[in-house]
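Colleague: Mind looking over this structure? Questions follow.
What follows draws every value from the coordinates through simple rules; no lab data is involved. Keep in mind the model is a prediction, meaning the values are calculated, not measured. All Cβ positions, even for glycine, are placed from backbone atoms using ideal geometry, and neighbour counts span all protein chains on display.
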Amino acid sequence: MNRSRANLFLFQLIGFFFYFENIACADVQFSNCWKPEVRHCTVHSVKIDPCFQENGLATDPCELRRGVDNATLVMEYTTDFNTTDHVLQMAHKSEPIADIPLEGMDTEACHYTTCPIIAGERSTYTFPIEIKEVYPEGPYTIKWKLWNDGEAIKEACCLKFKIVLH
Ligand SMILES: *[C@@H]1O[C@H](CO)[C@@H](O)[C@H](O)[C@H]1NC(C)=O
Ligand SMILES: *[C@@H]1O[C@H](CO)[C@@H](O)[C@H](O)[C@H]1NC(C)=O
């Protein structure tokens, strides 16, 4: 066995023993894309299910298995704006030079949260993420954005979180 195969084997072994009992649904550490002064959306929590965290700490990114895990992202948030029935969404892999959009994603956020979104009311957004085998392995910083159609900055929610694909 070469080194990377050995690592993969170890991960699978660890996964086998701890994955399911350890953490079914974990709170994930996230950051906001924008400073508080220019933010019009408060994200209360982000959960990913399943989520294997190396040390079981919320500061650990979720580790997900390609071709195996169909994960669910659940975000609780409150906007300070009302929306229409048409809220757009896009996720990017954040890179130092330019963010790369995750292709093939449904761009209608209203399929995953109740629309219209009402200012000041706590809302839940639930999105299924299929971790496809074709995705390259390694760490990702994901930038997730929802915005009221036509108002990409002033009426938007945007957050970033990390995941690791094996
Ligand atoms: C994950 O979900 C996709 C789309 O619903 C499905 O085709 C696939 O079989 C699922 N994969 C697993 C491992 O359950
Ligand atoms: C949102 O809509 C409600 C109900 O129509 C209205 O009372 C409220 O002022 C609106 N809030 C904002 C921030 O536009």
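Colleague: If I take R0 = 25 Å and measure r between the Cβ atoms of Lys132 and Ser45 in this structure, what FRET efficiency does the formula 1/(1 + (r/R0)^6) give, to the nearest 0.05?
Modeller: Given R0 = 25 Å and the Cβ-Cβ separation, E is 0.45.
Colleague: Given points 7 Å out from each Cα along the Cα-Cβ axis, report the Thr84 to Thr114 separation in nanometres with one decimal.
Modeller: Simple spin-label model gives 2.2 nm for this pair.
Colleague: With only Lys, Arg, Asp and Glu charged, each at its Cβ (+1 for the first two, -1 for the last two), find how big the charge dipole of the range 24-165 is about the Cα centre; round to the nearest 20 debye.
Modeller: For this selection, approximately 280 debye.
Colleague: Rounded to two decimals, what ratio of Rg to Rh does the range 16-166 give with C-alpha atoms and a Kirkwood Rh?
Modeller: 0.96
Colleague: While we're here: Extension gain Trp34-Ala98, at 0.36 nm per residue separation less the Cα-Cα distance, in nm?
Modeller: Working it through step by step, the gained length comes to 21.4 nm.
Colleague: For the charge dipole of the range 24-165, defined by +1 on Lys and Arg C-beta atoms and -1 on Asp and Glu C-beta atoms about the Cα centroid, which residue among Val38, Ile100, Ser123 has the Cα displaced farthest towards the positive pole?
Modeller: Checked the options; the winner is Val38.
Colleague: OK, next. Using the count of nearby Cβ atoms within 10 Å as a rough guide to exposure, how do Ile97, Ile163 rank from fewest to most? Don't jump to the answer; show the numbers that get you there.
Modeller: Working: Ile97 5, Ile163 21.
In order of increasing Cβ crowding within 10 Å: Ile97, Ile163.
Colleague: Next up: Can you give me the long-range amide H partners of Cys62? Hydrogens built in the peptide plane at 1.01 Å from N, cutoff under 5 Å, separation of 5 or more residues or another chain.
Modeller: Val164
Colleague: Fewest to most neighbouring Cβ within 10 Å: what's the order for Leu102, Leu159?
Modeller: Listed from fewest to most nearby Cβ atoms, that is Leu102, Leu159.
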